[in-house]
1. Just read off the accessible area of M60 with the full protein assembly in place, 1.4 Å probe, to the nearest 10 Å².
2. Can you give me the angle between helix 107-119 and the longest principal axis of the chain, using Cα atoms only, in degrees from 0 to 90, rounded to the nearest 10?
3. For the range 1-70 and the range 112-172, write down the distance between their C-alpha centroids in whole Å.
4. For the chain, what does -39500 (n - 2.57) per DSSP helix run (n ≥ 4), summed and divided by total residues, give at 222 nm, in deg cm²/dmol to the nearest 500?
5. With a ≥ b ≥ c the root eigenvalues of the C-alpha gyration tensor of the range 1-95, is it rounded (a/c under 1.5), prolate (a/b larger than b/c) or oblate?
6. Within the P(r) computed for the range 71-172, what percentage of the Cα pairs occupies the region above 20 Å?
7. For the chain, report the accessible area per residue in Å² (1.4 Å probe, heavy atoms, rounded to an integer).
8. How large is the dipole of the range 1-84 about the Cα centre if only Lys and Arg carry +1 and Asp and Glu carry -1, each at its Cβ, rounded to the nearest 20 debye?
Amino acid sequence: MTGKTLVHPDGRTVSLLDSGTDDQGDYLLVQHTIVKQGPMNGPHWHPVLQETFTVQEGLMRFVIDGEETIVEQGGQARILPTQIHQFWNVSKDRLIALHEIRPPGQHWNMFELVHKLECEGKLNNKGIPSNPLWLGAAWRVMDGYLAGPPRILQTAVLGGLARLADLLKYRV
């Protein structure tokens, strides 16, 4: 799959640069090119994943466990497991950022699913699946939890939708 690039209708891209195992374990390395200012996701957290972003061009804003940081070209932000985080493109023009995920979990599947749903017009204006079954499928591949609703509630409701979506063959 290395070398695959997902091109979204708004022009942003997610490119799979590398994946594998090194002395630190399994990893996934992607490059995001974002052409619009604004949020790239909502606040969430991962129980196991560690993410490192390296800004290659532009500016990226992070809020990690309530602390705001602006990362410039050449800078990095690291997000550890269980840290609630959200990030934005605050560049005047485009943002290009390397994104390393350890372990990779289902992250590439998440990028592919979001791409599919966006290209098919199945996301609302906030980037959330309109169909509850697609919402469940997306929740399953995010390898984490939304900030706010209790984990047990998300597991019951969104996990239940994910299981139903799987039974009904909602897949990339």
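The values are calculated or read from the model by the stated rules, or taken from the named source; none is laboratory data. Just so you know, these numbers come straight off a predicted model, no measurement behind them. Backbone-built Cβ (ideal geometry, glycine too); neighbour counts: all protein chains shown. Surface areas here come from the heavy atoms of the whole protein model, side chains and all, with no ligands, DNA or RNA. Shrake-Rupley method; radii C 1.70, N 1.55, O 1.52, S 1.80 Å.
1. Roughly 0 Å² of M60 is accessible to a 1.4 Å probe.
2. Tilt relative to the chain: about 80 degrees.
3. Cα centres, the range 1-70 to the range 112-172: 19 Å.
4. Details: 3 runs with 40 residues, N = 172.
So the calculated ellipticity at 222 nm is -7500 deg cm²/dmol.
5. Details: a/c = 1.66, a/b = 1.05, b/c = 1.58.
Cα axes put the range 1-95 in the oblate bin.
6. Values: 2453 of 5151 pairs.
Beyond 20 Å sits 48 percent of the P(r) for the range 71-172.
7. Working: 9130 Å² over 172 residues.
Counting only protein heavy atoms, the per-residue value for the chain is 53 Å².
8. Numbers: 5 positive and 11 negative charges, 72 e Å.
Approximately 340 debye in magnitude.
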